[in-house]
Amino acid sequence: MSVKTLAEIRADFPILERKVHGQDLVYFDNAASAQKPRQVVDRISHYYLHQHANVHRGVHALSQEATDAFEAARRRIADFFGAASDREIIFTTGTTNGINLIASSLGKMLEKGSEIVITQMEHHSNMVPWQMMCEDRGMVLRVVPIDERGQINMEAFQNTLNSKTRLVAVNHVSNSLGTINPVEEIIRLAKGVGSLVLIDGAQSAPHMKLNLKELGADFYAVSGHKIFGPTGTGFLYGKEEVLGNMPPYMGGGEMIDRVTIEKSTYQGLPFRFEAGTPNMAGAIGMASAVDYMEEVGFDFIQKQEEELLQYAIKELNNFGGIRFIGEAEKRASLVSFLVEGTHPYDVGSLLDQQGIAVRTGHHCTEPVMDFFGIPGTLRASFAFYNTTEEIDRMMVALDRARKMLS
């Protein structure tokens with residue numbers, strides 16, 4: 001159980017107390033970006049007001065203090081997510097940046113004709129970089145289909161793997177369907193053909209306790225703003241023995257060992273992948289967010305979010321005229337749906353007028369929408385600070401919207 005009550009947790013998020021269009025805010029857009037507890041904001045503020053200096057290279061006291069705080073954040077992230085070493089944690093601007101880092105760096109190492117395997121349900125951030133890499137480097141992109149419930153066709157996945165497969169890149173949780181993918185099985189099968197594996201963890205990290213060493217993926221990318229931390233932050237986990245053999249993808253200060261006019265040599269991990277002045281405050285804020293999640297506790301997080309998910313599904317079923325998009329057996333705490341006879345954008349706009357924040361559109365997964373033959377969906381995504389009473393408010397707002405649009 002959490003050491004905090006739900007009321008105490010909600011009090012940690014001042015934005016939940018504001019009004020939108022004269023109505024109390026109901027924030028159901030957590031899959032796009034989670035809200036921030038005051039503890040995270042206070043920690044970032046404290047850093048800028050009392051600790052800020054550039055890190056790693058300064059001999060003065062403030063630089064050393066900032067360096068200590070920055071590297072302590074890296075160790076905290078490594079410990080929380082079960083990395084074998086803090087050298088396996090590369091600070092990034094988010095999941096997109098982490099995936100592009102691998103596409104750029106690994107792309108320099110793979111031979112022409114290598115095959116990259118993704119799925120039809122990937123976020124554009126885990127699809128477009130591989131399209132670009134394959135086009136630039138003469139590689140082949142293989143796409144595994146999904147079924148009508150929004151699940152990976154695992155038989156097709158296994159049949160797609162072969163001796164040319166060099167990388168499998170899949171999401172742990174689908175941002176548009178809520179599907180929790182069987183990543184343990186995916187990793188096992190990929191390793192069976194000698195492939196590397198990258199997992200897009202943007203939607204899994206907020207909802208489940210991860211142990212990356214035990215999971216066994218070679219790479220795992222996470223966004224800080226999804227786990228209640230600041231925007232423009234994230235990390236890429238990579239096995240030390242794999243990352244250590246990869247070339248840098250950006251050049252500049254910090255990542256170098258020695259520079260001459262003729263040639264440069266590069267630092268070891270993690271610094272070879274962190275060119276330039278890092279986002280110190282962001283990393284420290286992300287570590288503070290991890291502290292907050294641990295304080296709340298994943299037992300509470302998962303119990304609360306499962307209750308919200310099941311309650312929302314029940315209420316939407318009772319509402320009638322709802323088409324769910326994504327009905328996988330294992331789902332994270334979001335519902336993606338359509339209201340019969342309406343366009344999702346129209347419904348979403350009317351919900352906003354009633355203080356209800358949901359997402360509308362294709363959610364950066366256009367191939368998923370093409371598969372279902374729809375322009376987009378309404379997506380209500382829940383966090384542990386949400387309540388069933390807020391879902392009740394959404395249902396009232398949906399009823400009003402449907403009557404106005406009928």
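The values are calculated or read from the model by the stated rules, or taken from the named source; none is laboratory data. Keep in mind that this is a model prediction, so the values were computed, not measured. Ideal geometry is used to build each Cβ from the backbone, glycine not excepted, and the neighbour counts take in all protein chains shown.
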### Query
Restricting attention to region 1-28, which residues are assigned to a strand (DSSP E or B) and either surrounded by 19 or more Cβ atoms within 10 Å (Cβ to Cβ) or of a type in the set (Ser, Thr, Tyr) (or both)?
Val26, Tyr27
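Within region 386-399, which residues are part of a loop (DSSP other than H, G, I, E, B) and either at pLDDT below 95 or surrounded by fewer than 23 Cβ atoms within 10 Å (Cβ to Cβ) (or both)?
Answer for region 386-399, where residues must be part of a loop (DSSP other than H, G, I, E, B) and either at pLDDT below 95 or surrounded by fewer than 23 Cβ atoms within 10 Å (Cβ to Cβ) (or both): just Thr387.
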### Query
Residues Ala78, Ala34: which one is under 28 Å from Arg379 (Cβ atoms) and surrounded by 15 or more Cβ atoms within 10 Å (Cβ to Cβ)?
Ala34
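For residues that are within 15 Å of Glu214 (Cα to Cα) and touching a strand residue (DSSP E or B) at 6+ places or on another chain (Cβ under 6 Å), scanning just region 187-199, find the one that is surrounded by the fewest Cβ atoms within 10 Å (Cβ to Cβ).
Ile187
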### Message
Condition first: farther than 20 Å from Glu274 by Cβ, part of a loop (DSSP other than H, G, I, E, B) and at pLDDT 95 or above. Now tell me which residues in region 44-63 satisfy that.
### Response
His60
### Task
Give the residues of region 230-245 that are surrounded by fewer than 19 Cβ atoms within 10 Å (Cβ to Cβ) and touching a strand residue (DSSP E or B) at 6+ places or on another chain (Cβ under 8 Å), sorted by residue number.
Val242
### Message
So the check is Cβ under 6 Å with 6+ separation or different chains; which pairs have a first residue in region 316-329 that's of a type in the set (D, E, K, R) and a second one that's assigned to a loop (DSSP other than H, G, I, E, B)?
### Response
Glu327/Arg149
### Query
Right, Thr5: in contact with a strand residue (DSSP E or B) (Cβ under 7 Å, 6 or more places away or on another chain), of a type in the set (Val, Ile, Thr) and either closer than 30 Å to Asp352 by Cβ or without any contact (Cβ under 8 Å) to a residue 24 or more places away in the chain (or both) or not?
no
### Message
Just to be sure before I move on: is Phe219 more than 23 Å from Glu115 (Cβ to Cβ), aromatic (Phe, Trp, Tyr), surrounded by 24 or more Cβ atoms within 10 Å (Cβ to Cβ) and assigned by TED's automatic domain parsing to the domain that holds His124 in the structure I sent?
### Response
no
### Residue within region 248-261 that is hydrophobic (A, V, I, L, M, F, W, C) and touching a Pro at 6+ places or on another chain (Cβ under 8 Å) present
yes
### Query
Within region 168-178, can one find any residue that is under 11 Å from Val117 (Cα atoms) and either surrounded by fewer than 16 Cβ atoms within 10 Å (Cβ to Cβ) or not small (Gly, Ala, Ser) (or both)?
yes
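Within region 42-63, track down each residue that is surrounded by 14 or more Cβ atoms within 10 Å (Cβ to Cβ) and without any contact (Cβ under 8 Å) to a residue 60 or more places away in the chain.
His46, Gln51, Ala53, Gly58, Ser63
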### Residue in region 372-382 that is farthest from Lys36 (Cα to Cα), counting only those that are crowded, with 24+ Cβ neighbours inside 10 Å and not polar (S, T, N, Q)
Leu378
### Query
Going through region 118-144 one residue at a time, which ones are touching a Phe, Trp or Tyr at 6+ places or on another chain (Cβ under 8 Å) and surrounded by 19 or more Cβ atoms within 10 Å (Cβ to Cβ)?
Ile118, Thr119, Gln120, Val144
#### Entry: Options Gln310, Gln354: the member that is of a type outside the set (D, E, K, R) and touching a His at 6+ places or on another chain (Cβ under 8 Å)
Gln354
### Message
Contact list please: Cβ distance under 8 Å, first residue in region 9-24 and in contact (Cβ under 8 Å) with a residue 24 or more places away in the chain and closer than 19 Å to Ile391 by Cβ, second residue of a type in the set (A, V, I, L, M) and in a helix (DSSP H, G or I), pairs at least six apart or on different chains.
### Response
Ile9/Val296; Arg10/Leu16
### Query
In this structure, is Gly361 farther than 21 Å from Met121 by Cβ, in contact with a Gly (Cβ under 9 Å, 6 or more places away or on another chain) and free of Cβ contacts under 8 Å to residues at least 60 places away in the same chain?
no
